[in-house]
Amino acid sequence: MRTPFRITSATLDVLEAFLASREELHGFAVAKAAGKPTGSIYPILARLEQAGWLDSHWEAEHPEEGRPRRRFYFLTPTGAQEARTIVLARRGQLPTPSVAQPPRPKLAFGFLARWAGAW
């Protein structure tokens, strides 16, 4: 399989973070789940988004005073399929989905429901 970018171990960690979470993640949450510094995560997110594997949107409002809005990323249907294929081929197994997390702040357009079919 030929991908539009190089698949590094950090890229695999990011893809596994999305496959395990099954919901939208902001950049810091991806970095934490992947165990990588944010400085290495954001270029990977940009490459995945440019390739059409991820899509993103900004929070609709500031949930906490003094904190900037976050940008949430989620796998597209194509991205989810490609991520599963690559992670399985390179790591031999798919990550175990994480337990449901507490509700997040209100999002801009309900993208989660729109892409729920990707899972």
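The values are calculated or read from the model by the stated rules, or taken from the named source; none is laboratory data. The model shown is predicted, which means the values in this text are computed figures rather than measured ones. Virtual Cβ from ideal backbone geometry, glycine too; neighbours counted across all protein chains shown. We work out accessible area using only protein heavy atoms, side chains counted, and drop any ligands, DNA or RNA first. Shrake-Rupley method; radii C 1.70, N 1.55, O 1.52, S 1.80 Å.
A few remarks follow.
- Test set (1) open to solvent by less than 80 Å² (accessible area, probe 1.4 Å); (2) closer than 21 Å to residue 8 by Cβ; (3) of a type in the set (A, V, I, L, M, F, W, C); (4) over 14 Å from the mean Cα position of the chain (by Cα) - residue 89 fails condition number: (1)
- Evaluation of residue 12 against (1) on the phi < 0 side of the Ramachandran plot; (2) open to solvent by 20 Å² or more (accessible area, probe 1.4 Å) (one fails), failing number: (2)
- For the stretch 61-82, the criterion of a residue being modelled with pLDDT under 95, open to solvent by less than 60 Å² (accessible area, probe 1.4 Å) and over 15 Å from the mean Cα position of the chain (by Cα) is satisfied by at least one position.
- Scanning the stretch 21-56 for residues that are assigned to a helix (DSSP H, G or I), open to solvent by 20 Å² or more (accessible area, probe 1.4 Å) and not polar (S, T, N, Q) yields a total of 10.
- Qualifying residue in the stretch 10-20 (condition: at pLDDT 95 or above, in a helix (DSSP H, G or I) and farther than 16 Å from residue 97 by Cα): yes
- Take the conditions (1) among the hydroxyl-bearing types (Ser, Thr, Tyr); (2) in a strand (DSSP E or B); (3) modelled with pLDDT under 80; residue 98 misses just one of them, which is (2).
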